[in-house]
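Beneath this line is the structure, given in structure tokens, with notes to follow.
The values are calculated or read from the model by the stated rules, or taken from the named source; none is laboratory data. Note that this is a predicted model, so its numbers are computed, not measured. Note that we place each Cβ from the backbone using ideal geometry, even for glycine, and neighbour counts take in every protein chain shown.
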Amino acid sequence: MTQRITIRDAVLNKLQTLSGYTFPPPGTTEEIDSRKLPAIVVGFATENIEHEMYGGSDRQLDLTVAAVVKSRGDVYAALDQAAEDIELALQESALDKTCDLFLLIQTQFALDEDHPLGEVRLTYRAQYSTEPSAL
């Protein structure tokens, strides 16, 4: 298992302590339907890598945590609550020691104009290092 999957699974474990949300299997959005909302999906965004001279690397993995909500009232209030829930669950800066640093770097909001649906997408950056190859 790669460090990316280890970090993703640590994020999922923290989030699954939240009540009232469904969690589709990682890597898919097929299980999301309006009867199972709100739902939280975790995925990879990008990974920047700086190579060290002797084979190791410093890495910055960006993960997205997206909450999809349905609301007949103020959808922004529902999105804001989902963002707060996620931020509280993921506030530990080393994510159970799966990485050196784990920080929120961006929050985006989107609405579906045709349906009472919205999405809040939080991007987190996990910094970690790989060991140099054995010589």
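Quick notes on this structure:
- Within segment 23-61, tally of residues that are of a type in the set (A, V, I, L, M, F, W, C) and more than 22 Å from LEU103 (Cβ to Cβ): 5
- For segment 22-61, the set of residues classified as outside any strand (DSSP E or B), in contact (Cβ under 8 Å) with a residue 12 or more places away in the chain and among the charged types (D, E, K, R) consists of LYS36, GLU52, listed by residue number.
- Of all residues in segment 91-108, those being touching a helix residue (DSSP H, G or I) at 6+ places or on another chain (Cβ under 9 Å), of a type in the set (Val, Ile, Thr) and part of a strand (DSSP E or B) number 1.
- Options ALA89, ALA77, ALA94, ALA110; residue that is crowded, with 17+ Cβ neighbours inside 10 Å and either hydrophobic (A, V, I, L, M, F, W, C) or at positive phi (or both): ALA89
- Of the residues making up segment 66-119, those that are modelled with pLDDT under 95 and polar (S, T, N, Q) number 4.
- Taking (1) in contact with an Asp or Glu (Cβ under 6 Å, 6 or more places away or on another chain); (2) of a type outside the set (D, E, K, R); (3) free of Cβ contacts under 8 Å to residues at least 12 places away in the same chain in turn, SER19 satisfies each apart from (1).
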